[in-house]
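To start, the structure itself, in structure tokens.
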Amino acid sequence: MFESRKEKLIPFGRFVSRLLQSLAVAGLILAAALFVGILGYHFIAGLDWVDAFLNAAMILTGMGPVDPVTTPGGKLFASAYALFSGVAFLTIVALLLAPIVHRFLHRFHLELGRADPDR
């Protein structure tokens, strides 16, 4: 997906396209994670749809639960979903930042290569 260090920096238009692709993949992961949370809070924890959405969204963003979960199954789901949400959040952030960080490092590497005539 990314160009190697020996290739030229891609044009800005292709970079924007790469950013949009990363945004789309991150959005799909976010929607899927939210969907899993809503279903789990509704069917396992017994919350109504709006409260299930609220809890899933709050957990997924790292804010914490809103409604207390009283059933043992609901507590197990909430615990597993909280652990899953932490990984999902970090994955989404990495997907969004990867093209930007890569372009910065690639440009930095190209500039270093120009300064060193032995390379």
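The values are calculated or read from the model by the stated rules, or taken from the named source; none is laboratory data. Owing to the predicted nature of the structure, the values given are computational and were not obtained by experimental measurement. Neighbour counts are summed over all protein chains in view; Cβ atoms, including those assigned to glycine, are modelled from backbone coordinates with ideal geometry. Note: areas computed on protein heavy atoms with side chains; ligands, DNA, RNA excluded. Shrake-Rupley method; radii C 1.70, N 1.55, O 1.52, S 1.80 Å.
Things worth noting here:
- If the condition is being open to solvent by 40 Å² or more (accessible area, probe 1.4 Å) and either part of a helix (DSSP H, G or I) or of a type in the set (Phe, Trp, Tyr) (or both), then region 4-28 contributes Phe12, Gly13, Arg14, Val16, Ser17, Leu19, Leu20, Gln21, Leu23, Ala24, Val25, Leu28.
- Filter result for Ala88 (open to solvent by less than 60 Å² (accessible area, probe 1.4 Å) and either modelled with pLDDT under 95 or assigned to a helix (DSSP H, G or I) (or both)): yes
- The set of residues in region 40-74 that are over 18 Å from Val93 (Cα atoms), free of Cβ contacts under 8 Å to residues at least 12 places away in the same chain and part of a helix (DSSP H, G or I) comprises His42, Phe43, Trp49, Val50, Pro72.
- Condition met for Leu95 (at pLDDT below 90 and open to solvent by less than 80 Å² (accessible area, probe 1.4 Å)): no
- Failed condition for Arg103, given (1) open to solvent by 30 Å² or more (accessible area, probe 1.4 Å); (2) modelled with pLDDT of 95 or more; (3) under 21 Å from the mean Cα position of the chain (by Cα): (2)
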